[in-house]
Amino acid sequence: EGKSHDEPFLAPLKTGAARMALHARDAGDVPNLAILPIGLTFERKEAPRTRVLVQVGEPILVEEWRAPAGTAPAEALTAEIDARLRALTLNYASADDAARAVRLASLLAALFGEVPPIGIVDRSLGAEISIARRVDELSRRLEHADDSLRQRADQLVRRLDAVERVAANHGVLIEDVGISVEPRQAIGFVLREGWLLAVGAPFAIWGRINHWLPFRAARAIATRSIDSAADPAMRTVVAGTALVLLAYMAQGAIVAAVLGPAVALVYLVSLPIAADVNFYLSDRLRRATRRARAFFVFRRDPELRARLTRELATLRHDVSSFDQTLSPPSMVGGA
């Protein structure tokens with residue numbers, strides 16, 4: 001695209017890449033030249049430490065590629081690159097449309113997914129993006145469908161929203177509805193998570209103490225002036241890297257002066273390890289706390305769990321049936 005932006009769609013491509021590729025092909029300078037489309041889909045572009053899905057598409061073999069008759073080669077190749085990139089990215093008309101689609105895809109991923117283990121940070125971003133693409137495809141088909149199908153789709157979305165709100169009002173997530181509420185499983189959970197916390201807590205605390213100041217300073221710098229929603233995340237990464245390195249150098253110099261170079265080296269090696277332990281344990285503690293809350297809620301109110309389980313099972317059936325209704329016959333048969 002030639003620029004960084006916050007729009008929820010691929011910006012018009014410039015022709016520079018196509019012109020360079022065609023020039024190199026015609027000059028014979030680069031044998032087997034190919035253009036490799038790579039699509040980036042950010043989970044939360046504005047937030048550090050969130051995920052990005054990188055998808056690599058089929059290469060365009062420039063030596064074999066030819067422009068359609070009557071078209072300018074650079075413009076035609078740019079259009080081909082554009083089509084390949086759009087196939088690897090999510091594109092919406094507005095930020096509101098993007099937010100609604102991503103939220104719906106997340107709910108559907110939770111609806112059809114298994115109970116995630118505590119050690120898994122989050123559901124696969126690739127799975128959520130695949131569902132988002134499927135939702136977008138079905139939405140386009142709904143534009144040409146009859147009113148009954150559109151009403152059916154709206155009703156399914158409302159039901160999914162409703163069951164998610166019921167779960168949220170009790171402090172639980174949809175994906176935790178299927179957890180075991182047996183005391184034996186709870187004891188194993190407490191022993192496992194307690195052991196990890198006891199072993200890792202000293203390292204996590206060490207990492208938090210040593211990185212608190214540079215991280216806070218980086219965040220303050222990142223939010224001073226914002227021209228783009230992605231600015232805070234990028235500036236936090238850049239400023240954080242610089243400030244953490246400066247903090248490491250200052251601490252290493254002090255330790256070396258007091259205790260010697262060997263101890264300073266061990267000290268410096270421990271810092272990034274402790275930071276990783278802190279991030280990992282903080283995320284895991286958050287997930288374990290959420291899972292424990294769901295356990296107590298369902299132990300206290302088994303009827304709530306039974307009701308949510310029944311509604312989710314019905315929704316899974318109805319959503320699958322609706323998907324098959326809108327799918328072409330060949331896709332339904334292939335499934």
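The values are calculated or read from the model by the stated rules, or taken from the named source; none is laboratory data. Given the structure is predicted, the values throughout are model-derived calculations rather than measurements. Because the Cβ atoms are built from the backbone with ideal geometry, glycine has one as well, and the counts that use them run over all protein chains shown. Ligands, DNA and RNA are stripped out before the accessible areas are found, and what is left, the full protein with its side chains, is counted by its heavy atoms. Shrake-Rupley method; radii C 1.70, N 1.55, O 1.52, S 1.80 Å.
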Self-check item: Enumeration of residues in region 71-101 that are open to solvent by less than 70 Å² (accessible area, probe 1.4 Å), assigned to a helix (DSSP H, G or I) and under 12 Å from ASP136 (Cβ atoms)
Solution: ASP97, ALA98, ALA101
Exercise. Identify the single condition in (1) open to solvent by 40 Å² or more (accessible area, probe 1.4 Å); (2) at pLDDT below 85 that PRO116 does not satisfy, given that it satisfies every other one.
Key: (1)
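Which ones in region 50-70 are more than 18 Å from ASN32 (Cβ to Cβ) and open to solvent by 60 Å² or more (accessible area, probe 1.4 Å)?
Across region 50-70, the qualifying residues are ARG51, VAL52, VAL54, PRO68, ALA69, GLY70.
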Exercise. Please find, within region 317-329, the residue that is modelled with the lowest pLDDT out of those that are open to solvent by less than 90 Å² (accessible area, probe 1.4 Å) and either touching a Phe, Trp or Tyr at 6+ places or on another chain (Cβ under 9 Å) or farther than 16 Å from PHE112 by Cα (or both).
Key: PRO328
Quiz item: Would you call THR71 of a type in the set (Val, Ile, Thr) and touching a helix residue (DSSP H, G or I) at 6+ places or on another chain (Cβ under 6 Å)?
Solution: no
Quiz item: Only one residue in THR289, THR223 is loosely packed, with under 15 Cβ neighbours inside 10 Å, under 24 Å from the mean Cα position of the chain (by Cα) and under 24 Å from ALA204 (Cβ atoms), so which one is that?
Solution: THR289
Exercise. Kindly provide the set of residues from region 12-41 that are under 13 Å from LEU88 (Cα atoms) and buried (at least 16 other Cβ atoms within 10 Å of the Cβ), ordered by number.
Key: PRO37, GLY39, THR41
Exercise. Would you confirm whether any residue within region 2-11 is among the hydroxyl-bearing types (Ser, Thr, Tyr), open to solvent by less than 70 Å² (accessible area, probe 1.4 Å) and in a loop (DSSP other than H, G, I, E, B)?
Key: no
Quiz item: What tally of residues in region 261-286 results from selecting those that are open to solvent by 70 Å² or more (accessible area, probe 1.4 Å) and more than 16 Å from PHE189 (Cβ to Cβ)?
Solution: 8
Practice problem: Filter region 172-196 for residues that are free of Cβ contacts under 8 Å to residues at least 60 places away in the same chain and part of a loop (DSSP other than H, G, I, E, B) and give the result. | Solution: SER180, GLU182
Quiz item: Within the set of pairs 6 or more residues apart or between chains, which connect a residue that is at negative phi inside region 247-264 to a residue that is assigned to a loop (DSSP other than H, G, I, E, B) and surrounded by 11 or more Cβ atoms within 10 Å (Cβ to Cβ) with Cβ atoms less than 8 Å apart?
Solution: none
